[in-house]
Amino acid sequence: MNRAYSLLTIKSVDDERRVIRGTATTPTPDRSGDIVEPLGATFAAELPLLFHHRKDAPVGTARFKKPTAKGIDFEAEIPVIESAGTVRDRVNEAWDSLKAGLIKGVSIGFRPIEYAFLEGGGIHFLETEILELSLVTVPANQDATLSMVKSLDAQHLAATGRHSPGASGSLPVVRAVKAAPAMANTVQEQITGFENTRAAKSARMNELMSTAAAEHVTLDAAQTEEYDTLTGEVKAIDAHLVRLKQLETFNLANATRITKTTEQIAASEMRGGTPTVTIKPNVAKGTAFTRYAMAMIRGKNSISDAIRYVENNKQWMDQTPEVLMALKAVVNPGTIAEPAWAAPLAVQTPMAQEFLDLLRPETLIGKLSGLKQVPFNVSFPIQTGGGTYAWVGEGAPKPVGNLQFATITLGITKSAGIIVISEELAKVSSPSAEATVRNDMIKGMAQFLDLQFIDPTIAAVTNVSPASITNLANGYATAGTSGDNARTDIKKGITLLTQNNYPISEVVLIMSEANAFALSTALTSNGVLVNSQLNAKGGNILGVPVVTSQSAGQVVALVHTPSIAFADDGGVSIDVSREASVEMNTTPTSPVTASSAFVSLWQSNLVGLRAERFINWKRCRSTAVVYTTATYV
């Protein structure tokens, strides 16, 4: 189990009920460089509150609120134990340590579900299951150097003779507030940020005192707490400003004098070497690919006209300069109009890959991990039988077995579609027109491939299309529509796979978003989520990863992913035409007959875009997929 520490910012304390409210975790990196994403956290309705992560030392219960981008707030209750003994001593120790300011942080214990490695060695935990909350004295988070009890009852403070830590004692940690969204990088920017923050806090202190003076009253408990807290924060800022100004003076004294040079290489070497500059356009992914296709449309089969159109579009030049680079890269020397103008588009790897990056995450193949990727038209062996093994006594003969193999070849198959748009839409060239083309290509192809991949009724067509992975697979009847029935279905499917020696760790569950959402809302009799690690986008059930696609419909399939082979050429070819005649039908006549009705794109002032993707897949073992059909509620 992993742990992540956070600043114990306690927002209120009820001394009689021993209830504290505060923030359990934030997305701030800890000293190890790790980040726990609050929006990716799941948790039970009630969690144990521990003392220093000791499982045998619970001191209360904690309830987390809805996660936000800034963190997860919590409410914890430390009970009052009447009976003397170790439990009351432990609970009272935790409460007294909290009130005395000896507890300086909180920590969550969690189980990582999905994570990514950060530059510098840290880990970004994207999805987690929080299992417990602990009171700790030495948090690992850089912000957790001091904790403050902000709202202890004023009478309690007076009775005990204690004061708020915000008024005296150790100075609090204060974060500078800037108007700009980016964090300060230079010392001067940090000084400016803290000076502005100090001015705002001083203004609030003056406002509190002016209001009290106008009404001829003293500050009430809440105002006193706020004023004392602001006083401590201002002192902390003043002390930090002294350190920042000392650092600025030190940096100026040790700065390297700039040597004037007009040579780029020499200037780069003075700064420590040639830098690597990466330009990332601030546009939706896939925009460059779409603009390339639209530029070719506007160029009317002329590369030079397409280049001029892009060069005259300042917004395109600023946001997607790679479009112009790609167009210029395919111009043949001495040729004004390229007769096979669409062919070079298929080999523009950066552009085509940009489209694939959008398409693959949308499809089941893009979401499934562990699939066996192989080349087209290349046979590869699979093992279908194993050797014979047995205990052998002294002097007894040993059994002789033989391995069994088969070969599989994935032929070249392709999926394709034609999008027809008007000349007016192509000429608009606005972001909305680009998005229309891009979204239809992405979502349409994704929906088609998902359906072909998972629908049990999809059979193979020789030299045309593959069968779905569920076609002729082992199907079994569902137990029903409830959450309990769903678990019964899943356990039955797991049993069928394990009977054929498939490891559960390599099994993935595929279902529709609707079924996943229905199961994610299932509650126990106590109102606790049954599948707390599941939502419409996926997650896991009983430890089995869940991948969702609405194209799955009623199909709930368990798949041993290493037994699914797929071939993909890694590119999408796009052809554009104004002169072609097409049959405007989702199921065109094949072969063409005299009764086939065609529409002339040229006569109707239309533009046709044809997208093709070469892809194939096959279930290598007949028992590697089992499924049922169900609609869970």
If we scan region 64-72, do we find a residue that is at pLDDT 90 or above, under 20 Å from Val136 (Cβ atoms), among the aliphatic types (A, V, I, L, M) and in the same structural domain as Phe125 (by TED's automatic domain parsing)?
-> no
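Looking at Thr593, Thr631, which one is surrounded by fewer than 21 Cβ atoms within 10 Å (Cβ to Cβ), among the β-branched types (Val, Ile, Thr) and modelled with pLDDT under 85? It would help to see each step written out before you state the result.
Numbers: Thr631 fails: modelled with pLDDT under 85.
Residue meeting the stated conditions: Thr593.
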Quick check: is even one residue across region 456-475 part of a helix (DSSP H, G or I) and surrounded by 21 or more Cβ atoms within 10 Å (Cβ to Cβ)?
-> no
Qualifying residue in region 223-231 (condition: of a type outside the set (A, V, I, L, M, F, W, C), in the same structural domain as Gln246 (by TED's automatic domain parsing), surrounded by 13 or more Cβ atoms within 10 Å (Cβ to Cβ) and touching a strand residue (DSSP E or B) at 6+ places or on another chain (Cβ under 9 Å)) = yes
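Of the residues Ala522, Ala514, Ala518, Ala486, which is of a type in the set (Gly, Ala, Ser), at pLDDT below 90 and within 30 Å of the chain's Cα centre (by Cα)?
Details: Ala514 fails: at pLDDT below 90; Ala518 fails: at pLDDT below 90; Ala486 fails: at pLDDT below 90.
Result of the check over Ala522, Ala514, Ala518, Ala486: Ala522.
Based on what the data block shows, is Ser577 over 30 Å from Leu410 (Cα atoms) and surrounded by 18 or more Cβ atoms within 10 Å (Cβ to Cβ)?
For Ser577, the condition - over 30 Å from Leu410 (Cα atoms) and surrounded by 18 or more Cβ atoms within 10 Å (Cβ to Cβ) - is met.
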Taking region 302-338 and keeping only residues that are farther than 20 Å from Asp575 by Cα and either touching a Phe, Trp or Tyr at 6+ places or on another chain (Cβ under 8 Å) or modelled with pLDDT of 80 or more (or both), one is left with Arg308, Glu311, Asn312, Asn313, Lys314, Gln315, Trp316, Met317, Asp318, Gln319, Thr320, Pro321
Ser12, sole failed condition from (1) over 30 Å from Gly122 (Cβ atoms); (2) at pLDDT below 80; (3) in a loop (DSSP other than H, G, I, E, B) | (3)
Those residues that are surrounded by fewer than 13 Cβ atoms within 10 Å (Cβ to Cβ), among the small types (Gly, Ala, Ser) and assigned to a loop (DSSP other than H, G, I, E, B), I need them from region 501-547; list them, please.
-> Ser525, Gly527, Gly543
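So that you can scan it fast, the table gives a plain yes or no per residue for (1) small (Gly, Ala, Ser); (2) surrounded by 15 or more Cβ atoms within 10 Å (Cβ to Cβ):
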{"site": "Asp34", "(1), (2)": "no, yes"}
{"site": "Pro38", "(1), (2)": "no, yes"}
{"site": "Ala41", "(1), (2)": "yes, yes"}
{"site": "Ala45", "(1), (2)": "yes, no"}
{"site": "Arg54", "(1), (2)": "no, no"}
{"site": "Ala57", "(1), (2)": "yes, yes"}
{"site": "Lys70", "(1), (2)": "no, no"}
{"site": "Glu75", "(1), (2)": "no, yes"}
Looking at Asp450, is it charged (D, E, K, R) and either at positive phi or surrounded by 14 or more Cβ atoms within 10 Å (Cβ to Cβ) (or both)?
-> yes
Assuming Leu50 fulfils every condition listed in (1) closer than 25 Å to Leu523 by Cβ; (2) at pLDDT 90 or above; (3) not in a loop (DSSP other than H, G, I, E, B) apart from one, which condition is it?
-> (1)
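Out of the residues in region 596-628 that are among the charged types (D, E, K, R) and at pLDDT 90 or above, which is surrounded by the fewest Cβ atoms within 10 Å (Cβ to Cβ)?
To start, the set of residues in region 596-628 that are among the charged types (D, E, K, R) comprises 610, 612-613, 618-619, 621.
Filter once more, keeping what is at pLDDT 90 or above: 618-619.
Working: Lys618: 19, Arg619: 22.
Filtering region 596-628 for residues that are among the charged types (D, E, K, R) and at pLDDT 90 or above, the one surrounded by the fewest Cβ atoms within 10 Å (Cβ to Cβ) comes out as Lys618.
The values are calculated or read from the model by the stated rules, or taken from the named source; none is laboratory data. Keep in mind that what you see is a predicted model, and the values were worked out from it rather than measured. Don't worry about glycine lacking a Cβ; one is built from the backbone with ideal geometry, like all the others, and counts go over all protein chains shown.
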